[in-house]
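The values are calculated or read from the model by the stated rules, or taken from the named source; none is laboratory data. Small disclaimer: the values here were computed from a predicted structure and weren't measured. We place every Cβ from the backbone using ideal geometry, glycine too, and count neighbours over all the protein chains shown.
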Amino acid sequence: MASRWFLYIQAVFWRFLMRIGMFFHDLASPRSPRPTFTRSIPFEDRCRKVILYFYCPPNYYQRLREGNRLPVIVNFHGGGFTLGCATDDSRWARCIVEEVGAVMVSVGYRRAPENPFPDAVDDGVDALLYLAANAAQLGLDVSRLALSGFSAGGNLAVTVPLRLHSLAPSEFQEPVLNRADSTVKLVDSTDSLNIVALFCWYPILDFEESRDHRRAMSIMPDKTLPSFFTTLFDESYLPDLEERKSPYASPARAPDEYLASSLPQDIFLYICEWDMLMNEGQQFVRRLQGLGKRVRAMMIEKAKHAWDKSPNPFRDQDQVNVLYRDACADMKAIFGET
């Protein structure tokens, strides 16, 4: 296990390179949109900082003045809980704003190794609580709320509602989480919060299964994430091996009744064929279907992990947008039903 200091040095180096890669990613036409505005969640601990990035439709301020509320998608970026930032999914935000007419809120959660598990999960919970408490002021209809996420963010799209549900009285005993037991208390306004769907893009769901085994079981092992990345991610976010069993880190390890009661009925998983995470994604889909969830699984053929975040500005962005728009069509239909 590498020292925290060495992990931090590696993280800073790769964050710098990733920003360069995302600069070229954003060059492809049409250019990625900028957030409409940001909000910082207030905490008693002034050292803790979580910024929410809002992407809004053109008529957002008019709708706000008229007292109308828009459905909202809360998004979590990828990067192995260690890299990346909340603006990385701005092309996904563009699709949501244009195709769904909803507001997307991307969460700038705290990253490891400075802030290991469960800080990212707690930040996701606090983001939902903040939006619920300020829904009227922000013009959000939190009774029509979906979660989305990419890679590590796909994990958070599943683990955040698990953790949120655990804070409310339940019929069964909450699994032990150790350090996360000190997370925030629920506010009264959460009663109106209704998560209607999850949209998870190539999520990691099980930290207990070794990366070496997953890589060996992949269809194209040489196309998977290299070990220096996966080791950095796993040791940064989950240095305590026992915590890798937590359902808030590995939702694939959560009890059936926990998944059944905490997750919404509609769940969408987008899995890359050449990803080492493909098998666990397929197993999770079958398990959720067995619990009576409406699950749609999309296999993205001949695609590597994070295939939609290519730094090549001459890539075929239309191929990505086809899947984005397809997901948005499902999202719009679900919002129309609620």
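Taking LYS304 as the residue in question, decide whether it is at negative phi and in contact with a Cys (Cβ under 8 Å, 6 or more places away or on another chain). Spell out the reasoning first.
Values: at negative phi: yes; in contact with a Cys (Cβ under 8 Å, 6 or more places away or on another chain): yes.
It is true that LYS304 is at negative phi and in contact with a Cys (Cβ under 8 Å, 6 or more places away or on another chain).
Considering segment 31-150, the qualifying strands (runs of 3 or more DSSP E), each wholly inside and each with 2 or more residues that are of a type in the set (A, V, I, L, M) and in contact with a helix residue (DSSP H, G or I) (Cβ under 8 Å, 6 or more places away or on another chain), run over 70-76, 103-108, 140-150.
State whether the residues of segment 173-196 include one that is at pLDDT 95 or above and touching a helix residue (DSSP H, G or I) at 6+ places or on another chain (Cβ under 8 Å). Within segment 173-196, one or more residues are at pLDDT 95 or above and touching a helix residue (DSSP H, G or I) at 6+ places or on another chain (Cβ under 8 Å).
Is it the case, given these coordinates, that VAL107 is under 17 Å from the mean Cα position of the chain (by Cα) and more than 27 Å from ASP234 (Cβ to Cβ)?
Details: under 17 Å from the mean Cα position of the chain (by Cα): yes; more than 27 Å from ASP234 (Cβ to Cβ): no.
Taking the combined requirement at face value, the residue does not satisfy it.
Just one of the listed residues (PHE314, PHE268) is farther than 20 Å from LEU198 by Cβ and either touching a residue at least 12 places away in the same chain (Cβ under 8 Å) or buried (at least 17 other Cβ atoms within 10 Å of the Cβ) (or both), namely PHE314. Out of the residues in segment 271-311 meeting the condition of being over 21 Å from LEU147 (Cβ atoms) and aliphatic (A, V, I, L, M), tell me which one is surrounded by the fewest Cβ atoms within 10 Å (Cβ to Cβ). Filtering segment 271-311 for residues that are over 21 Å from LEU147 (Cβ atoms) and aliphatic (A, V, I, L, M), the one surrounded by the fewest Cβ atoms within 10 Å (Cβ to Cβ) comes out as MET299. Scanning segment 91-146 for residues that are closer than 30 Å to SER3 by Cα, aliphatic (A, V, I, L, M), in contact (Cβ under 8 Å) with a residue 60 or more places away in the chain and in contact with an Asp or Glu (Cβ under 9 Å, 6 or more places away or on another chain) gives a single hit, ALA112. Restricting LEU52, LEU83, LEU138 to residues that are within 21 Å of LEU198 (Cα to Cα) and of a type outside the set (S, T, N, Q) narrows the list to LEU52. Being surrounded by fewer than 17 Cβ atoms within 10 Å (Cβ to Cβ), of a type in the set (A, V, I, L, M, F, W, C) and either in a helix (DSSP H, G or I) or on the phi > 0 side of the Ramachandran plot (or both) is the filter here, so list the residues in segment 214-229 that pass it. Hits for segment 214-229 are ALA216, MET217, PHE228.
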